[in-house]
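One structure is given here, and the rest of the page talks about it.
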Amino acid sequence: MNTDYSDIALYDILKKGKYDASIIMTYNAFLPFYEEVVLRTLQSGGCRNNALLMDAQQLHESLNTPSMRPRHAGFEYTLLPIKASRAFHPKIIFLIGEKKGCVFVGSHNVTISGFRQNREITSKIQFTSLKDKHSVAYAIQVWRFIKDWIDQQRDSISGELLDSVYRFPNLSPWLRERVEEPEGEVQFFGTQSNGISLYDQVFTKVSHDIKRISVVGPFFDNRLEFIKTLLKRLSPSEFFVGIDPNTTAIKNFSNELKEIKFVNAANFGPKASYLHAKIIYIESNSDEHWLITGSANPSYPAWLAGPEARNVEAIVLHTGKIAKLTAGNLRILKLKESKTITTEEWRKIEQGSVQRPESHSAVSKLIIATVGKGKIVLPESAFAIDDFMQAELYNDNAKPFIVAYKAITIENGISIPVSDEDVRYIRSIKINLSDGRSIFTWVHHTAELSRRGESSRQAKFRSAMSTLESDDPDLLNLINIVGDVIFKEQQDVDPKAVRPPGVNVKDNEQEAPIVQLVTNLPEIKKKKSKLRVVNSGDLGLIMDALIYNLGFGLRPVRQGGYTQGRDEEDMIGSDDEDTSDFISGLENPELIKICHVKVRNIVNRMLKQFSRVQVRKSKYYIPIIQLVVVMALFRQLRKFEKRDEIIPSNETLVPEKERKKLLFGTLPYLFGKNCQFVNQAEKELVDEPIDEFSRLKGLLLWLAKDCGIDIRSTGQIPLGIDYDKLREDALCKAKILVLAPLAASDEVALSEAEKSIKETATDFDTAIDWIETHRFWGIKFSEYAQKLKRKKIHKSKHPEIGDLVFLNSTGYDFFNIVYSASKFSNIVKLVDIEGEEGIIEYPKSNLIFFKLPPTDKLKTIGD
């Protein structure tokens with residue numbers, strides 16, 4: 001764990017850290033300072049997604065003062081008011097990247113004084129590798145604290161406003177890891193809204209037989225309850241309380257608490273300024289040490305109060321050698337040498353008036369506006385619609401550039417109509433009511449904050465996708481980015497979708513019934529939504545864009561956005577040559593040639609992934625998800641080929657050889673008797689219908705069609721037939737026999753197949769005919785299996801090439817295709833997707849054969 005005990009230059013860390021996102025929690029903030037100094041410093045270091053979480057009452061008071069109002073909140077960063085029983089008082093700076101993080105927990109508010117002038121104490125934990133397990137666990141503990149308090153704002157803040165912070169694990173997937181509370185020399189503790197007090201969380205770590213306690217703080221409760229509790233429960237031999245007579249608010253208990261020595265800490269620390277640090281240092285007679293720093297003042301509301309009266313605090317507990325070393329660097333041991341507070345100094349302290357952060361009044365109503373298409377939307381509780389007079393709309397220069405005189409009631413809210421052109425420039429709004437009151441609030445631009453929450457890969461991907469509509473498509477960069485994300489080691493998998501170890505599939509699961517499909521498939525309503533295993537992060541965005549948004553039309557990145565090409569981090573784990581330097585200006589033949597190389601590399605990497613998992617025997621769902629995205633990428637490229645002005649009609653970006661290699665190479669892993677990746681993956685995931693598995697079936701059916709496979713290519717053997725061609729057709733037919741029944745009862749799979757085939761087909765009528773035929777046969781194959789079980793189907797005594805086969809040993813559940821047979825031999829050869837040559841031999845006595853009705857007799861689904 002990387003800790004720092006010296007003076008910390010916050011600006012250098014914020015600027016040079018190259019982090020992707022930041023969350024800052026504070027009691028109060030000087031918002032112009034945050035926006036013009038802290039935020040600009042973060043952004044100059046590449047930090048795109050930034051959030052400021054502030055005590056709701058303090059934010060309300062800032063909004064009442066024009067010079068302290070935000071100008072860029074809701075557009076350049078997320079500003080969230082946090083409500084608590086009393087003061088929301090933690091001071092945390094939380095910086096994260098894909099594989100790194102830096103966490104500050106201290107006493108500093110987001111003010112000029114807190115960052116530059118006061119005597120403050122903050123603890124920094126920093127890591128640049130996920131191998132630093134303790135530091136990662138520490139950061140995850142802090143993230144959980146942040147997220148818990150955000151969760152508690154759901155009643156007052158809409159979900160779309162909270163999403164900008166909830167998306168943080170998309171940028172840093174390690175935040176989703178399940179970790180226990182780190183047991184090391186540095187531990188984080190935060191106030192819980194319910195449950196035990198901060199004191200009970202922390203001081204269970206402190207043993208008895210205490211030699212000395214040293215406390216420094218600016219604020220104390222009126223009765224000194226916390227100090228008295230320490231004295232009573234720990235019974236130290238010596239007890240020092242350091243206060244600055246010039247700034248501290250504390251009642252004189254020196255005569256009553258004679259065991260405690262109140263000393264002058266005006267010169268404590270490296271400079272003579274406002275003493276805002278909070279420190280508790282405890283030493284035992286057995287040479288154990290505990291150092292507590294953070295936001296918690298030595299007061300009852302911070303440490304001891306019940307849920308209805310406690311402040312929200314964040315502290316760091318240092319123990320052992322680190323505690324002793326840090327205390328020495330802080331010079332807190334010098335307190336015992338400081339002068340006792342004099343009678344005159346006590347008089348000065350008692351006469352001084354210092355605002356206590358614990359004196360927290362009720363939070364007034366805070367309104368947050370959001371943008372919609374041609375309107376500003378406010379919650380219906382914002383004001384009575386009849387009281388509305390006008391709204392002054394401000395830009396980022398804090399100047400009113402529009403005055404709106406109309407507000408209308410909409411479902412669950414109030415709308416102020418504004419033109420689409422003007423909406424994007426609105427940053428805040430002042431609403432004037434008929435009773436003379438005014439409401440000021442900032443405007444939350446959901447789409448803009450969502451864009452800022454993207455990783456660098458996501459931004460580059462969107463940029464590359466947006467070029468597909470242009471005359472200069474960035475195809476190679478698109479393939480690079482998608483390939484890198486698909487095969488990166490860390491997958492963006494939702495842990496909620498993964499079955500906990502040791503939990504088995506339900507034994508009483510029943511076979512899904514076969515459904516009768518109607519002709520107009522898109523109108524079919526899903527009976528149950530399916531769980532997505534990947535719904536966030538780089539991979540989630542790519543899946544959304546390539547699968548759920550098959551067409552073009554992604555919003556392009558603004559001028560001055562991310563450049564094309566890959567950085568070094570993007571290239572980690574890549575086994576293809578980086579051709580980004582040659583992308584611009586390529587002639588079409590050269591572009592197609594390079595594209596073929598990249599497609600071949602992706603197919604090879606995909607097959608290697610399946611092979612690795614087969615050896616590892618775990619995480620079968622990972623290559624399935626990867627395969628879904630690979631096929632979606634190839635589908636997008638195949639659709640793009642229809643643009644004749646860029647790709648000649650006789651050329652392809654995805655060679656048929658590679659398409660067949662992908663299809664024929666993955667089917668044995670997915671459905672073969674010895675691998676059964678799909679079955680194994682279903683056991684690893686929760687007992688819910690999985691969306692990616694349905695998409696997989698549909699995309700595989702599309703890929704079979706795109707490879708030219710057709711159930712109608714085989715039939716009865718006429719005189720003079722080419723037997724080699726018949727057997728080749730039988731091999732292809734076997735693929736459809738695997739895929740069609742699996743997709744027949746899955747509405748999402750069929751819809752995916754139909755959409756994909758229509759979008760990529762060159763002959764629309766032929767595509768529709770193929771879809772209808774194979775949808776029919778998918779259902780028929782499943783029906784045959786059921787009829788065989790009931791022995792209600794005519795069997796063939798003499799099998800011929802292309803006949804359907806069921807194996808007795810599997811209870812009629814596994815069907816196959818005859819590859820070759822002879823009336824004079826008891827051995828028949830069958831197509832096998834797992835066999836080395838795709839062929840296996842069986843005795844006729846173990847098989848049941850029957851012929852399929854000719855496909856040209858197809859009439860209706862019910863036949």
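The values are calculated or read from the model by the stated rules, or taken from the named source; none is laboratory data. Bear in mind that the values here come from a model prediction, so they are computed numbers and not experimental data. Methodologically, a virtual Cβ is constructed for each residue, glycine included, from the backbone with ideal geometry; neighbour enumeration extends over all protein chains shown. Keep in mind that these areas ignore ligands, DNA and RNA; they rest on the heavy atoms of the full protein, side chains included. Shrake-Rupley method; radii C 1.70, N 1.55, O 1.52, S 1.80 Å.
The table that follows gives values for the structure above.
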read-out: Leading residue by the ranking (farthest from the chain's Cα centre (by Cα)) among those in region 341-364 that are under 24 Å from Ile292 (Cβ atoms) and modelled with pLDDT of 85 or more; value: Ile341
read-out: Failed criterion for Glu180 (all others in (1) open to solvent by 20 Å² or more (accessible area, probe 1.4 Å); (2) within 26 Å of Leu59 (Cα to Cα) hold); value: (2)
read-out: Any hit, region 379-389, residues being open to solvent by 20 Å² or more (accessible area, probe 1.4 Å) and in contact with a helix residue (DSSP H, G or I) (Cβ under 8 Å, 6 or more places away or on another chain); value: no
read-out: Scope region 756-774; condition open to solvent by 10 Å² or more (accessible area, probe 1.4 Å) and either out of contact with any Asp or Glu (no Cβ under 8 Å at 6 or more places or on another chain) or acidic (Asp, Glu) (or both); matching residues; value: Lys758, Glu759, Ala761, Thr762, Asp763, Phe764, Asp765, Thr766, Ile768, Asp769, Glu772
read-out: Residue list for region 55-77, filter: over 19 Å from Lys430 (Cα atoms) and touching a helix residue (DSSP H, G or I) at 6+ places or on another chain (Cβ under 8 Å); value: Glu76, Tyr77
read-out: Inter-residue pairs, beta-carbon under 8 Å, first touching a residue at least 40 places away in the same chain (Cβ under 8 Å) and more than 19 Å from Leu230 (Cβ to Cβ) and in region 301-329, second part of a helix (DSSP H, G or I) and open to solvent by less than 10 Å² (accessible area, probe 1.4 Å), 6+ apart; value: Ala314/Val142
read-out: Matching option when the condition is among the acidic types (Asp, Glu), closer than 30 Å to Gly540 by Cβ and either in contact with a Phe, Trp or Tyr (Cβ under 8 Å, 6 or more places away or on another chain) or assigned to a helix (DSSP H, G or I) (or both), among Glu421, Glu454, Glu448; value: Glu448
read-out: Selected residue (criterion: modelled with the lowest pLDDT) from residues of region 480-497 that are of a type in the set (S, T, N, Q) and not in a helix (DSSP H, G or I); value: Gln490
read-out: Unique match (being assigned to a helix (DSSP H, G or I) and in contact with a helix residue (DSSP H, G or I) (Cβ under 8 Å, 6 or more places away or on another chain)) among Phe115, Phe94; value: Phe115
read-out: Criterion violated by Val628 - all others in (1) within 23 Å of Leu171 (Cα to Cα); (2) open to solvent by less than 50 Å² (accessible area, probe 1.4 Å); (3) aliphatic (A, V, I, L, M); (4) at pLDDT below 90 satisfied; value: (4)
read-out: Evaluation of Ser338 against (1) at pLDDT 85 or above; (2) surrounded by 13 or more Cβ atoms within 10 Å (Cβ to Cβ); (3) in contact with a Lys or Arg (Cβ under 7 Å, 6 or more places away or on another chain) (one fails), failing number; value: (3)
read-out: The one condition in (1) open to solvent by 50 Å² or more (accessible area, probe 1.4 Å); (2) under 25 Å from Val485 (Cβ atoms); (3) in contact with a Phe, Trp or Tyr (Cβ under 6 Å, 6 or more places away or on another chain) that Leu175 fails to fulfil; value: (1)
read-out: Boolean, Ala302 is part of a loop (DSSP other than H, G, I, E, B) and either open to solvent by less than 10 Å² (accessible area, probe 1.4 Å) or farther than 19 Å from Phe203 by Cβ (or both); value: no
